[in-house]
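**Student:** Questions regarding the structure given below will be posed in turn.
What follows draws every value from the coordinates through simple rules; no lab data is involved. This structure is a prediction, so every number in the text was calculated from the model and none was measured. Here the Cβ is made from the backbone with ideal geometry for all residues, glycine too, and neighbour counts use every protein chain on show.
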Amino acid sequence: MADTFLGIIGGSGLYEIDSLEKPEWISVDTPWGAPSDQILTGSLDGCPVAFLPRHGRGHVHSPTSIPYRANIDALKRLGATDIVSVSACGSLREDMAPGHFVFVDQFIDRTFARDKSYFGTGCVAHVSMARPTCRRLSSACLRIARDLGITSHEQGTYLAMEGPQFSTLAESNMYRKTLDCDVIGMTNMPEAKLAREAELCYATIAMVTDYDSWHPEHGEVDVTEIIRTLTGNTAKAKELVERLPSTIGGARQRCSQGCDRSLDSAILSAGAAESKLAAKLDAVAGRVLGQ
């Protein structure tokens, strides 16, 4: 197995990692277009790291316009084995308060205007999303968070909405009461699906900034309040990321959950390796297509 190569996707408020050794911003070309921004490469405790600001420096991409396929492809192309997604979110639960971290284990995807797969005509694939995040990677992040004294929740269901507008009161209550979701955000889908297709271990650190619009004592989402909470969350997230390499270790074993082998029986098309699409899948699916 390859050694650990950590990919970090930074959400709102997290646009760089100051502690990287030998940092360098580099451009990466992908068959799916340009990623959200250049990628900051370097190392932490001897572990190679690639950091990508999801919205781009200066926050230029809305949740819908983020080039999700290019982002995951670029990280895999650089050699990433594990991806940690750091994301701001709203809370749909009283006990998941602003400032808390939630280590998401399930998603409900209600986005509709995004490219959600690398596969298609001539190379059809169906990966399992029953367990959409990597337990090993999420558990490592959770241990660090607790060591740092961050109030954390070890699981939660993330409702991915299209945005960019926030929820109506009726929607917020439906997500809580009918769909039984815990947090709400706009960016982790199709990101998690694409990471699974690319055979990457993926974990989400959902940083709560607000109570969406359902809470009777907090009213509608206030961007000013979100930014204030984001500042504190970002500092915590950077500390957590800095400790990840020493926690997960450099010598990487096969993922017990099978994240790194998700394509073993997923591709159904006969002659997929000779399809026109296969040429674009050299980084994502080269292991199974012989690219």
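**Student:** Need one number: the % of Cα-Cα pairs in the range 141-291 sitting beyond the 21 Å mark.
**Tutor:** So the portion of pairs separated by more than 21 Å is 61 percent.
**Student:** Listed here are the pairs Lys76/Lys177; Lys236/Lys280; Lys193/Lys276; which of them are more than 30 Å apart at the Cα?
**Tutor:** The answer is Lys76/Lys177; Lys236/Lys280.
**Student:** Moving to a separate point now. Could you work out how much longer the chain between Gln291 and Thr151 gets when fully extended? Use 0.36 nm per residue separation minus the Cα distance between them, nm to one decimal.
**Tutor:** 46.0 nm
**Student:** Quote to one decimal, in nm, the extra length available between Glu162 and Met174 on full extension: 0.36 nm per residue of separation minus the C-alpha distance between them.
**Tutor:** Details: separation 12, 0.36 × 12 = 4.32 nm, distance 1.56 nm.
That works out to 2.8 nm of additional length.
**Student:** Radius of gyration and Dmax for the chain's Cα atoms, expressed in Å?
**Tutor:** Rg, Dmax (Cα atoms, Å): 18.3, 59.
**Student:** In addition: With label points built 7 Å along Cα→Cβ from the Cα atoms of Ala251 and Glu225, find their separation and express it in nm.
**Tutor:** Inter-label distance under the simple model: 5.0 nm.
**Student:** Tell me, what is the FRET efficiency for Ser65 and Met129 to the nearest 0.05, using R0 = 30 angstrom and their Cβ-Cβ distance as r?
**Tutor:** That gives a FRET efficiency of 0.80.
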